[in-house]
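Everything below concerns the one structure shown next.
The values are calculated or read from the model by the stated rules, or taken from the named source; none is laboratory data. For clarity, every value in this text was computed on a predicted model and none was experimentally measured. Heads up, the Cβs are rebuilt from the backbone with ideal geometry, glycines too, and the neighbour counts pull from every protein chain shown. Only protein heavy atoms, including side chains, enter the accessible area calculation; ligands, DNA and RNA are left aside. Shrake-Rupley method; radii C 1.70, N 1.55, O 1.52, S 1.80 Å.
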Amino acid sequence: MILRAFLACLVAGTALSGAAQAADLSIGLKSEATSMDPQFHQLSTNMQVLLNIFEGLTNQDPLQKITPALATKWEAIDDTTWRFTLRDGVKFQNGSIFSARDVIYTYCRVPLVANSPSSYTIYTGTITDVTADGANAVLIKTAGANPLLPTDVANLPILSADAAGAEKTVTYKPGGGCEGMGKVPQSTDFNSPTVTVGTGPYKLESFVRGSQMVMTRYDGYWGPKPDWDKVTLRPITSDGPRVAALLSGDVDMIESPPIQDLKRIKNAGYNVVDALSNRIIYLAMDQDGDAPSITGTDGKNPLLDKKVREAISLAINRGAIVERIMGGYAKAAGELLPPPMFGTNGRAVDKYDPEKAKQLLTEAGYPKGFGITLGTPNDRYINDAQVAQAVAQMLARIGITTKVDAQTASQFFSRRNKLDFPMYLAGWSASSGEMSSPLKSLVATYNKEEGTGPTNAGRYSNPAMDKLLKTAMTTIDDAKREALLRDAEKMVLDDYGIIPLHYEQTVWAMKKGLSYAPRVDQYTIAAYVHAQK
């Protein structure tokens, strides 16, 4: 029942009519890819573009379920060895034949990419060896058990070893020590279509930063033939001009139209589709000792008290935020991922109860409340600053005087990472599509050396949860791993270590005759835009 409800919500708003005649497609994107190098910068705006050109051994469908791609099947040979069977008959866009050598080269190159702002080594760091196993398979060995390897490799698009200039034989060595790599191309080299070569349905024709990216159909593609001969992707970062480009016919489709414009777009005859995303908008709170920036507490940090954190959660009317701020294009959240995604508990949303919140504050020793600053970006998430203002007003009603400090995303994240805010609003989208992603990044104890808690700027720490999560991350059996993740999430939420607010609903608008299956990862992938038959 839960799954049916989720799917129904996912496709809500989809309405198709008319027929598209053109073989060309143009899309207005909210953000521009920072590079054509699929191993340079982990960024959704990069991945959604490059997945038209490149493919991994596995793929994620619109619900982030892992499906075959360049590997037709995979199996765990033992706790530290996976075998991937490679698809026969696949050719790269330059005509070279796909083989285990390309897989080895691809995984070898990841640590050799210079100046990566967000390295893909998070997916390859545990790999100790990659070897061919006969003519049509690769064996991947890891330092310890890694049940998420089939998910990790979906985020590692396979490069053409020939196009990259590799030698005839490439031998895997961990930590960037591979042999036979030749001169390894760097990010800017991928501006050239002769280097940007994958096995996907489209090939790169040109990339002009700040202007557009043009792709043409690859007729030798092994999979279903895409609908469009030519695709042009244009970054139009401002909401107004992006909507204007659609309504004037300059582009056929746009992503993330502003919610306040949806009625106008629909009335003009355009199709609008939306999907519940896996992006959780949440509040994080300083739980790392004193908090001198909090006023009215004589220097004490009230956020260290679970009763105060619970009071904050109960003071927030999530339903009002969803309806009045998000225009219904969101869903109140009780967890870190929307159920029934892997590892969720089906937990109910915290009920709005300001009277109980006041009682909890009194029990915690703060009957008159206190003063606090709420940091937030104002251009990263849907209506982020408005949501923060609404939260501030709701907290004021229970005595917590809240000042909103809103700024651009780049400024916000820089200050957030310096632990400048006693409380902040942010979002998280799980690339793996399962619970270990938000647990490991948002609430696991911060440990730079072990790579845990990299986005835990509230410094919440729960050793018992850490232990459960670590066990889950080395458990190959899916059922056992999911049970561990459920227990770990419950532990965090019972502790009010982080406060979920809502899941974003992602919206796309397009001219009649086009269809697009909404995706929980919020990707806009041109190859999946179809002309109605």
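Brief remarks follow.
- Taking amide H atoms as placed 1.01 Å from N in the peptide plane, the amide H of Leu159 lies under 5 Å from those of Thr106, each 5 or more residues away in sequence or on another chain.
- Site pair Asp379 and Lys183 shows an inter-label distance of 3.8 nm when each label is modelled 7 Å from Cα along Cα→Cβ.
- Charge tally for Pro367 (other residues, Cβ to Cβ under 13 Å; Lys, Arg +1; Asp, Glu -1): +2.
- Among Gly497, Asn462, Met423 the positive-end extreme of the charge dipole of the stretch 413-513 (Cβ point charges): Met423
- Dividing the mean sequence gap of close Cα pairs (under 8 Å, 6+ apart) by how many residues the chain holds gives a relative contact order of 21 percent.
- Cβ-Cβ FRET estimate between Lys91 and Ala244, R0 fixed at 45 Å, reported to 0.05: 0.65
- Length gained on full extension, Thr471 to Ala396: 22.9 nm, using 0.36 nm per residue less the C-alpha separation.
- One chain, two ends: Ala23 and Glu167. Fully extended at 0.36 nm per residue, the span grows by 47.9 nm beyond their Cα-Cα distance.
- Note on Glu323 and Ala145: the model spin-label points, each 7 Å out from Cα along the C-beta direction, lie 4.7 nm apart.
- Between Gln411 and Gln260, the FRET efficiency from the beta-carbon distance, with R0 = 25 Å, is close to 0.50.
- Distant-in-sequence amide H partners of Thr34 (H built 1.01 Å from N, under 5 Å): Asn46
- Cα-centred dipole magnitude for the chain, charges only on beta-carbon of K, R (+1) and D, E (-1), debye, nearest 20: 900 debye
- In the stretch 157-239, trypsin sites (Lys or Arg not before Pro) in a DSSP loop with at most 12 other beta-carbon atoms within 10 Å: Lys168, Lys183
- Across the stretch 262-267, computed HN-Hα scalar couplings (Karplus, 6.51 cos²θ - 1.76 cosθ + 1.60, θ = phi - 60°) run 5, 4, 5, 5, 5, 5 Hz from first to last residue, x flagging Gly and Pro.
- Long-range tail of P(r) for the stretch 221-336 (Cα pairs > 22 Å, %): 60 percent
- Percentage relative contact order, the stretch 303-456, counting C-alpha pairs under 8 Å, at least six apart: 22 percent
- Cleavage-rule hits (trypsin sites (Lys or Arg not before Pro)) in the stretch 324-430: DSSP loop, at most 13 neighbouring Cβ within 10 angstrom: Lys351, Lys368, Arg397, Lys418
- Thr131-Asn447 FRET efficiency (beta carbon distance; Förster radius 25 Å; 0.05 resolution): 0.20
- Simple Cβ-charge dipole of the stretch 186-291, Lys/Arg +1 and Asp/Glu -1, about Cα centre, in debye nearest 20: 500 debye
- Accessible area per residue was computed with a 1.4 Å probe on protein heavy atoms; Glu55 scores about 20 Å².
- Furthest towards positive pole of dipole, Thr196, Asn447, Ala23, structure part the chain, Cβ charges: Ala23
- Total formal charge among the other residues, if their Cβ is under 13 angstrom from that of Gln93, Lys/Arg +1 and Asp/Glu -1: -2
- Cleavage-rule hits, trypsin sites (Lys or Arg not before Pro), the stretch 447-491, DSSP coil, Cβ neighbours within 10 Å at most 11: Lys448
- For the stretch 192-207, 3J(HN,Hα) computed residue by residue from phi via the Karplus equation (6.51, -1.76, 1.60; θ = phi - 60°) reads 8, x, 6, 9, 6, 10, x, 10, x, x, 10, 10, 6, 9, 7, 9 Hz, glycine and proline entered as x.
- Relative to the current alpha-carbon distance between Asp478 and Asp290, full extension at 0.36 nm per residue lengthens the span by 63.6 nm.
- Helix runs (DSSP H) in the chain reaching 15 Å along axis by Cα, Kyte-Doolittle at least -0.5: 384-396
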